[in-house]
Structures are given as structure tokens and as C-alpha cells.
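I have placed the structure first, in the form of C-alpha cells, so that the comments after it can refer back to it.
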Amino acid sequence: MPGKMVAVVGLKGGCTKTTISTNLAVELGAALVDLDERQPHSIMWAETRRATIEEHAGRRTKQARLTPVEAFTPDRFAGCGEPTLVVVDCPPSKGISKIWSRLADLTVIPSRVSAADLSSQLEAYRACEGRVVWVLSDVRSPAEHKRAQAYLKKQGIAVVATIPSRVGVMRAFEAGMSATEYLRPSDAASVAFRGLAVKVARLLKLKARS
């Protein structure tokens with residue numbers, strides 16, 4: 001077993017679990033485990049990242065400065081040794097969310113701000129055990145952020161980070177990069193991902209790279 005585990009969970013696809021997982025892996029220097037056998041997007045992201053590194057080897061580009069992120073399927077992870085930190089990208093499932101919240105040192109629940117997403121992820125939140133934090137993701141306006149915050153506050157849930165909507169976040173993912181590697185350091189999404197990593201590291205008593 002790894003030193004520490006972070007599980008990123010939810011009950012529906014498209015709630016930004018993989019975006020949060022891959023960005024946390026980069027910011028915290030963690031390995032990735034992708035439990036979704038049908039759509040292993042974290043694995044594909046890591047493979048794209050490795051290809052990007054190879055393509056830019058020897059060039060004076062920011063892509064050439066990237067380092068690989070190890071990503072495993074569950075069967076491969078069993079024999080990979082004991083990394084200091086692992087981020088587990090879970091498929092949409094209430095049962096899996098509950099199980100991995102028990103196993104993990106910290107559970108992260110990301111959610112977009114639509115009523116459907118908030119309601120679905122609230123069900124996941126209630127199924128989880130142990131330490132659980134909520135992240136609002138792909139937020140497009142202050143008004144929708146305020147509505148989502150108010151809804152969650154009524155449920156007794158505090159939001160630890162808000163990731164603004166940026167085309168660059170998706171482009172970073174498509175290139176096998178994190179938001180902080182692709183966007184300017186001052187970009188609101190870069191700042192938000194760094195802040196999330198710092199908070200997660202603090203909860204786990206680890207040191208965030210950034």
C-alpha cells in the first residue's frame with residue numbers, strides 16, 4: 001500500500017474527476033491509479049504526457065521540462081511498490097465511492113455547478129466516510145458560483161476550492177499537462193489548482209510541489 005491515498009469520487013461522468021485527479025498528481029508529485037476499466041482517461045492522459053515529453057526532448061520548450069507521471073490500472077498497481085502518494089481516479093459508482101472513501105486518507109468530491117451535478121455529488125458525499133472535501137469545478141460566473149455555494153452551505157458542506165472554467169484547462173489535459181504547466185502562473189485556474197494542492201497536502205501533512 002502507498003504512504004497516502006487520495007480518492008477522487010463521484011456518481012456521474014463528466015463531473016471533472018479525471019481533471020482534478022491528473023492536476024493533483026502533478027502538483028503533489030503523486031502516482032495515478034485509474035479504476036475505470038471502460039474509460040481509463042487518467043491512463044490515456046499519462047500516455048499522452050509521455051508522448052509529449054518524447055516529442056519535445058532536446059527542445060527549449062515548456063513541454064521538454066515535463067516529468068512523467070506514473071499511472072496504473074488496479075492490477076498493475078498491485079506490483080508497483082509503495083509510492084509516497086497515490087491519487088485514485090474512481091469510476092462513477094456509489095458503492096466504489098463508499099469503499100474508497102474508507103481506504104483513502106482523503107476523499108475529494110468534484111462537482112460542476114448545475115443542479116443535477118450538485119444533487120448527484122451530494123449523494124456521493126453522503127455515502128462517503130472519513131475525511132471528505134468538496135471542490136467546485138468548471139465555474140463560469142460569480143453568480144453560478146454563489147448559487148452553488150449557497151446550496152452546499154445549506155447541506156452543511158464547505159467548499160475547499162473553486163476551479164474557474166478555462167479553455168486552457170481542457171487544452172492542457174489534451175496535451176498531457178496540468179493547468180499550472182500550460183497556463184500562465186497568474187491565471188485564475190493555475191492559482192486555484194495550486195491552492196487546492198496546498199490544502200490537500202496540508203490535510204495529508206505532505207508538501208505540495210508548488
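The values are calculated or read from the model by the stated rules, or taken from the named source; none is laboratory data. Note that the structure is a prediction, hence the values are computed from the model and not measured. Every residue, glycine among them, receives a Cβ derived from its backbone with ideal geometry; neighbour counts consider all protein chains shown.
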Give region 23-38 a look and list any residue that's crowded, with 24+ Cβ neighbours inside 10 Å and in a loop (DSSP other than H, G, I, E, B), or say none. Ala30
The residue that is modelled with the highest pLDDT, considering only those in region 195-210 that are farther than 10 Å from Ala161 by Cβ and of a type outside the set (A, V, I, L, M, F, W, C), is Arg202
Residues of region 48-88 being within 20 Å of Val8 (Cα to Cα) and assigned to a helix (DSSP H, G or I), which ones? Pro74, Asp75, Arg76, Phe77
If a residue must be part of a strand (DSSP E or B) and polar (S, T, N, Q), how many such residues does region 89-144 contain? 3
By residue number, the members of region 95-128 that are of a type in the set (D, E, K, R) and surrounded by fewer than 16 Cβ atoms within 10 Å (Cβ to Cβ) are Arg102, Glu123, Arg126
Could we say that Gln155 is in contact with a Phe, Trp or Tyr (Cβ under 9 Å, 6 or more places away or on another chain) and over 23 Å from Val33 (Cα atoms) here? yes
Could you figure out which of (1) under 15 Å from Thr19 (Cβ atoms); (2) surrounded by fewer than 18 Cβ atoms within 10 Å (Cβ to Cβ) isn't true of Lys199? (1)
Mind counting the residues in region 170-210 that are part of a loop (DSSP other than H, G, I, E, B) and either charged (D, E, K, R) or free of Cβ contacts under 8 Å to residues at least 24 places away in the same chain (or both)? 8
Matching residues, region 1-13, being closer than 21 Å to Val113 by Cβ and either out of contact with any Pro (no Cβ under 9 Å at 6 or more places or on another chain) or basic (Lys, Arg) (or both): Lys12
Can you go through Ile43, Ile20 and tell me which one is in a helix (DSSP H, G or I), in contact with an Asp or Glu (Cβ under 9 Å, 6 or more places away or on another chain), under 24 Å from Val191 (Cβ atoms) and not small (Gly, Ala, Ser)? Ile20
Number of positions in region 146-169 that are among the aliphatic types (A, V, I, L, M), modelled with pLDDT of 95 or more and in a helix (DSSP H, G or I): 4
